[in-house]
Amino acid sequence: MANKKKKLMQGNMACVEGAIYSGMQFFAGYPITPSTEIAEGCSRELPKIGGRFIQMEDEIGSIAAVIGASIAGMKSFTATSGPGYSLMQENLGYAFITETPLVVINVQRGGPSTGLPTKVSQSDTMQARWGPHGDYAAIAVAPSTVQECHTETVRAFNLSERFRTPVTILLDEVIGHSRGVISLPEKGELEVYNRVKPTASPEEVLPFEMTPNLVSPMAGYGEGYRFHVTGLTHDVHGFSTNRSDEIFPKLDKLHNKILNYRDEISKLRIENMDDAEVAFISYGSVSRAALQATAIAREAGVKVGCIQLYTIWPFPEKELRQICANCSKVIVGELNMGQIIHEIERVLPGDIEIHAKQRYDGEIMTPMQLLEKLEEVL
Amino acid sequence: MGYKFIDRIKVPEDRFELRLSGSGGQGMIFAAVVLGEAIGLAEGKNVVQSQSYGPEARGGASKADVVISANEIFYPKAMKLDMLLAMTQEALDSYLKDLKEDGVLIVDTSLVTDIPVDNYYGLDFTHLAKNEVGHIMVANVVALGAISCFTGIVGKEVLTNAVLKRAPRGTEDKNRKAIDVGFEEASKLKK
Amino acid sequence: MATVTKQKSDVVLDYLRPGKKFPSVWCPGCGNGIVMGALIRAIDKLGWDRDNIAMVSGIGCSSRLPIYLDVHTLHSTHGRALPFATGIKFAKPGMKVIVVTGDGDALAIGGNHFIHACRRNIDITAILINNNIYGMTGGQGSPTTPAEKISTTTPFGNVEKQFDPCQLAIGAGASYVARTTVYHTPHMEKMLLAALEHKGFSLVEAVSNCHTYFGRLNRQGDAVAMLNLFKENSVMKGKASKMTDEELKGKWVLGTLHEHEATEFCDEYQKLVDAQMSKRG
Amino acid sequence: MTESKTAGAPESKPASKSKYDYTNGPMPLEINLSWCKACNLCIALCPKQVFEPDRDGKPVQVRPDDCTQCTICWVHCPDFAITSNYK
């Protein structure tokens with residue numbers, strides 16, 4: 001019966017709740033369908049908890065303000081959709097090289113360009129990995145229900161704070177706009193990670209020092225540690241460098257601080273895989289269709305399983321190889337013309353047949369479409 | 001290999017799917033959210049509510065779906081409707097094909113005149129709202145009262161509370177009346 | 001020995017960042033260093049705690065300025081200094097936030113951010129070092145390159161009109177706007193001091209010399225010659241008000257060009273927060 | 001503070017009418033030659049022509065007596081290479 005903690009809310013709003021649960025206090029954004037409810041939610045909720053909301057003049061300014069606020073010491077985030085995500089890429093690169101924790105929610109819609117503003121898509125999956133120019137390792141997560149919008153937002157903030165890096169949450173229009181019953185966790189129920197701050201005296205602290213886990217403690221502005229932040233490739237002091245012996249370690253750090261911990265970043269849902277001969281692999285809203293299709297096909301006696309990716313980047317290669325070891329075929333369902341399937345082709349052994357079920361007309365993948373594909377490949 | 005199974009599959013029986021459809025401005029999304037809230041929170045079931053966005057949301061056909069289940073809801077949209085409410089002819093023409101053969105069809109007879117099936121419930125929601133409640137705007141709430149009666153998916157009291165929670169202050173009496181009217185008129189027709 | 005009033009000639013050295021190599025990256029005679037000295041002396045007069053100062057810049061020659069100062073510094077992306085600074089100021093309204101930008105950075109790629117920072121009247125001081133050209137990329141035309149002037153992208157003379165950064169800021173709602181030049185250094189210090197003390201968005205346009213590109217391409221000579229040009233072609237605001245448009249053509253009008261009282265963005269937001277939080281109890 | 005060096009003595013010594021004695025005390029200004037980029041601003045802007053350029057174009061205080069501590073040289077030095085010795 002009625003539970004005080006339970007609420008019916010949109011996926012977008014569940015992201016706002018998750019962000020607030022994480023201790024987020026700063027949002028800067030620009031309205032864009034289908035992410036606008038996140039900005040609206042923040043404008044409503046943040047003043048009530050002493051946080052800050054600002055509607056910037058565009059997405060470039062939004063991500064810039066978020067980076068500024070994070071460097072000043074506040075957990076910060078923004079939300080956008082395709083065209084806005086494209087505009088943010090340069091400054092996202094800045095966040096990567098300056099190792100600034102922040103979260104960007106991209107509620108995906110059809111593209112390229114203005115594309116299909118009100119329609120669902122998953123065509124920014126590769127952009128979430130390779131959007132900004134240059135070399136870096138990226139983290140991206142993808143929820144598929146309203147409840148997961150909350151938990152994955154908390155997880156995204158934790159990952160960004162722990163690894164001092166921007167994290168993208170790949171929502172899609174269906175997940176962002178659907179309403180579902182969510183049970184809001186009490187304080188302490190979910191882990192909340194806060195960035196590590198320096199403890200040594202300001203004279204001894206190097207703002208970008210090489211620590212064993214490659215994550216440098218990070219002071220906020222005004223906390224006694226006066227440091228320089230630049231988008232130029234920099235040394236451990238934060239000053240720009242052109243020296244090979246400083247450039248190599250910096251770029252290796254951007255990669256390895258994340259890739260060394262990919263086991264801890266990976267998260268998957270695995271259903272009916274024990275005896276599965278065929279597996280659906282998907283993420284976001286397509287996973288909901290895949291789970292449904294799996295349940296229906298199992299009823300009909302088909303040995304099919306389902307793998308849902310919550311962590312998209314870094315790509316969970318080792319896990320997928322293990323889970324799919326006994327499958328002969330996989331079906332990769334995506335709302336695009338083929339993005340994550342290339343990663344799957346890269347990581348799965350050659351004797352596993354890889355089939356694609358792709359939809360890119362702005363409509364959600366249906367369980368029936370996946371079932372038809374399943375029958376076709378069987 | 002040619003392993004065929006599609007002809008043997010069954011629509012999952014643990015789901016109850018309903019669609020409220022009409023034209024933009026008739027409050028279909030509001031009604032669906034209220035329904036979702038009543039069923040999801042007070043009745044303690046899993047609920048996913050979604051709607052179609054797009055140009056049609058402004059004046060054209062508008063639809064809002066609610067999927068209800070005691071189990072985890074995988075697919076968030078309707079697959080085969082257990083109930084369809086059509087408040088306009090266009091909505092009926094668009095979505096009738098999505099209704100199960102034994103599904104419940106409810107139409108607003110003031111706006112829907114061409115009904116190609118025999119098995120349906122017809123109520124004049126628009127006129128009921130105007131004449132019995134005094135405001136055409138609550139036709140969607142009158143329809144909610146009727147849905148409660150026809151489907152039994154949500155109790156009248158629970159539904160009333162959910163409507164009052166969402167409705168603007170000062171409209172409580174009108175909304176309560178609207179649900180009563182819808183429920184009573186429906187009970188006269190219910191088979 | 002002569003008794004002279006204390007000259008704070010070495011106060012600048014006290015604010016330079018330990019561990020940062022000097023001399024600076026700038027060309028010999030570049031006005032950026034003159035502005036930096038004046039800015040430090042103004043900050044010193046205010047006695048601000050340097051742990052409470054954030055300096056933000058974008059990309060370009062002028063944007064290399066903050067790195068030399070022992071305060072919190074952020075060298076951001078091209079044109080975006082103001083939104084980065086907005087994030088810092090809004091997150092920590094108690095901090096003094098100063099933006100150093102150039103004509104290309106603030107008015108071309110960052111033009112939109114510039115007008116919106118003015119409109120919000122957020123308490124940030126922006127110092128726009130205007131040398132009428134892109135220096136770092138090698139002398140291309142900027143939004144303040146005057147008509148007919150030569151740059152490497154206007155080799156036959158500029159056919160575009162130029163922005164007046166001060167008029168732009170006034171029109172967009174900045175509550176303090178001043179212009180000065182690198183020749184008028186004591187005046188610059190005065191303008192900077194007033195801007196830093198001002199609550200709300202303040203802009204100081206510091207007319208500066210890029211003799212390396214602008215001076216050479218337009219036959220204006222070296223740093224000395226260009227500073228002398230600033231001296232000859234500048235008119236203080238009071239005097240300018242008695243001059244005709246014709247007489248003012250090609251002149252820089254210096255001084256506090258605009259000042260008005262207006263509510264400040266962070267303050268207004270804080271009021272809103274206080275109201276919402278007290279409502280919650 | 002960076003160690004600063006005063007430029008070598010000018011060729012013609014200050015005349016005996018000197019207001020100041022430089023034999024034991026400092027020159028009016030300290031010039032940090034390692035920071036100086038020889039931009040010529042101080043030399044050109046000094047109203048009393050206190051400086052003349054050395055072989056590298058860097059300033060030498062050839063007429064220190066004439067220095068009035070007007071501050072023009074060091075407020076215009078873009079490289080913070082000039083500081084005043086007078087308190």
Self-check item: Sorted peptide list for A:318-326, B:131-139, criterion being average Cβ within 10 angstrom, highest first
Solution: B:131-139, A:318-326
Quiz prompt | Theoretical ellipticity at 222 nm over chain A - DSSP helices of four or more residues, -39500 (n - 2.57) apiece, nearest 500 | solution = -11000 deg cm²/dmol
Self-check item: Residues of type lysines that residue C:96 reaches as a straight line, Cα spacing below 19 Å, ignoring anything fewer than 8 places off in the same chain
Solution: C:45, C:190, C:199
Quiz item: At a probe radius of 1.4 Å, what is the per-residue accessible area of residue C:252, in Å² to the nearest 10?
Solution: 60 Å²
Quiz item: Among A:6, C:92, B:97, what's the order by accessible area (1.4 angstrom probe), most exposed first?
Solution: B:97, A:6, C:92
Quiz item: Can you put A:37, A:191, C:268 in order of accessible area, largest first, using a 1.4 Å probe?
Solution: A:191, C:268, A:37
Quiz prompt | Share, in percent, of DSSP beta bridges within chain A that are antiparallel, nearest 5 | solution = 30 percent
Practice problem: Round to the nearest 10 and report in Å² the accessible area of residue C:107, as given by a 1.4 Å probe over the protein chains' heavy atoms. | Solution: 10 Å²
Exercise. Quick one: grab the alpha carbon gyration tensor of the range A:85-244, order the square roots of its eigenvalues as a ≥ b ≥ c, and give me rounded if a/c is under 1.5, else prolate or oblate depending on whether a/b is larger than b/c.
Key: oblate
Quiz prompt | Cross-link partners of residue A:373 among aspartates and glutamates (Cα-Cα below 20 Å; sequence separation of 8 or more within a chain) | solution = A:271, A:275, A:277, A:299, A:334, A:345, A:351, A:353, A:361, A:363, B:7
Self-check item: Which listed pairs, of A:75/A:257; B:97/B:130; A:6/B:156, have C-alpha distances above 23 Å, in listed order
Solution: B:97/B:130
Quiz item: Relative to the longest principal axis of chain C, what angle (0 to 90°, nearest 10) does the C-alpha long axis of helix C:111-120 take?
Solution: 40 degrees
Exercise. Heads up, I need the accessible area for residue C:89: 1.4 angstrom probe, whole protein in place, Å², nearest 10.
Key: 10 Å²
Quiz prompt | Anisotropy class of the range A:5-184 from Cα gyration tensor, a/c 1.5 cut | solution = rounded
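Within a 10 angstrom radius of each residue's Cβ in A:47-57, how many Cβ atoms of other chains show up on average? Whole number is fine.
What the average comes to for A:47-57 is 6.
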Practice problem: Pairs to check: A:7/A:48; B:100/B:191; A:187/B:77. Give those whose C-alpha atoms are more than 21 Å from each other in this structure. | Solution: A:187/B:77
Practice problem: Nearest 5 is fine: what % of DSSP beta bridges in the range A:5-184 come out antiparallel, could you say? | Solution: 25 percent
Quiz item: In straight Cα distance, which aspartates and glutamates are under 19 Å from residue C:251, not counting same-chain residues fewer than 8 positions off?
Solution: C:103, C:148, C:160, C:164, C:205, C:232
Practice problem: Please work out whether the range C:56-138 counts as rounded, prolate or oblate from its C-alpha gyration tensor, where a ≥ b ≥ c are the square roots of the eigenvalues and a/c under 1.5 means rounded, while otherwise a/b larger than b/c means prolate and anything else oblate? | Solution: oblate
Quiz item: Of all DSSP beta bridges in the protein assembly as shown, what percent run antiparallel (nearest 5)?
Solution: 35 percent
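The values are calculated or read from the model by the stated rules, or taken from the named source; none is laboratory data. Given the structure is predicted, the values throughout are model-derived calculations rather than measurements. Glycine also receives a Cβ, built like all others from the backbone with ideal geometry; neighbour counts cover every protein chain displayed. These area figures cover heavy atoms from the full protein model, side chains too; ligands, DNA and RNA do not enter into them. Shrake-Rupley method; radii C 1.70, N 1.55, O 1.52, S 1.80 Å.
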